[in-house]
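Have a look at the structure below before the remarks.
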Amino acid sequence: MERMESMEPISAHYTTDYPEIHPDSGFESRESCDIQAKTPPPSTYDEELVHKTILVGDSGVGKTSLLVQFDQGKFIPGSFSATVGIGFTNKVVTVDGVKIKLQIWDTAGQERFRSVTHAYYRDAQALLLLYDISSRTSFDNIRAWLTEIHEYAQSDVVIMLLGNKADMSSDRAIRREEGERLAREYSVPFMETSAKTGLNVELAFTAVSKDLKHRAVQHTNEPKFQIHEYIEAQKEKSGCCSYI
């Protein structure tokens, strides 16, 4: 059994405050302002809610780099060793005029830390599951990760599959169609991301935030938010769906 200190936050890049971003602002300005919401903010949403979001996947798929790209808007090459235990950061995303607080946990992918990771599944509202498009092994292990998620996580947890390192096209081992097919099999949204270039990183967290917000204020007579449709609409708007 690992000692308890392995579960403490482990990266100097992590923060415990709530910097705010707007999904349309990009990462050039860390002090982005709210813009007028397209629809009136639901009065029933509690902006003090904190949504626990966990990054999972094999060691080396880029979970820490993805989180730093989302949090700080930059890529720091060669600066991360394998995550030991659990670390987290907090972020505020503004969607539909309301502030969504995410507490994002970066987990170790090594087998010896899996029992620690399992304990964090139980109260997670969202899980971003990563593989490396240049690593067949990390992709083949996705089914095992999904089995664990379905065993330990809540039945209504938001799950998103991400094929990371999309910038490494010359080393690609997994075609995008394979990722799409696996996502359809498990009925989860999918996109390819790049922690290096920032491709789809903000979109992934924004889509999850929007889904979490809708679930928190969902009324019986309202249609369910379709995260797949939202992602596809945003891709078409930005033209990122043509990225290979």
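The values are calculated or read from the model by the stated rules, or taken from the named source; none is laboratory data. Note that the structure is predicted; figures quoted are calculated from it, not measured. Cβ sites come from the backbone with ideal geometry, for glycine too, and all protein chains shown count toward neighbours.
Inside the stretch 124-145, can you point out the residues that are hydrophobic (A, V, I, L, M, F, W, C) and touching a Leu at 6+ places or on another chain (Cβ under 7 Å)?
Scanning the stretch 124-145 gives 126, 128, 129, 130, 142, 145.
Find the residue count for the stretch 123-147, including only residues that are of a type in the set (Asp, Glu) and at pLDDT 95 or above.
Keep residues of the stretch 123-147 that are of a type in the set (Asp, Glu), which gives 123, 132, 140.
Then keep just the ones that are at pLDDT 95 or above; that gives 132, 140.
Matching residues across the stretch 123-147 total 2.
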Item checked: Test for residue 231: is it under 18 Å from the mean Cα position of the chain (by Cα), under 30 Å from residue 48 (Cβ atoms) and not in a strand (DSSP E or B) -> yes
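Which strands (runs of 3 or more DSSP E) sit wholly inside the stretch 98-191 and have at least 3 residues that are in contact (Cβ under 8 Å) with a residue 12 or more places away in the chain and of a type in the set (Val, Ile, Thr)? Steps first, please.
Values: elements: 98-107, 126-132, 158-164.
In the stretch 98-191, the matching strands (runs of 3 or more DSSP E) lie at 98-107.
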Item checked: Hits in the stretch 185-206 (condition: surrounded by fewer than 19 Cβ atoms within 10 Å (Cβ to Cβ) and among the small types (Gly, Ala, Ser)) -> 187
Check: What are the residues in the stretch 30-81 that are surrounded by 14 or more Cβ atoms within 10 Å (Cβ to Cβ), charged (D, E, K, R) and either assigned to a loop (DSSP other than H, G, I, E, B) or modelled with pLDDT under 90 (or both), if any?
Finding: 58
Check: Got a number for residues in the stretch 207-221 being modelled with pLDDT of 75 or more and either touching a strand residue (DSSP E or B) at 6+ places or on another chain (Cβ under 6 Å) or exposed (fewer than 12 other Cβ atoms within 10 Å of the Cβ) (or both)?
Finding: 6
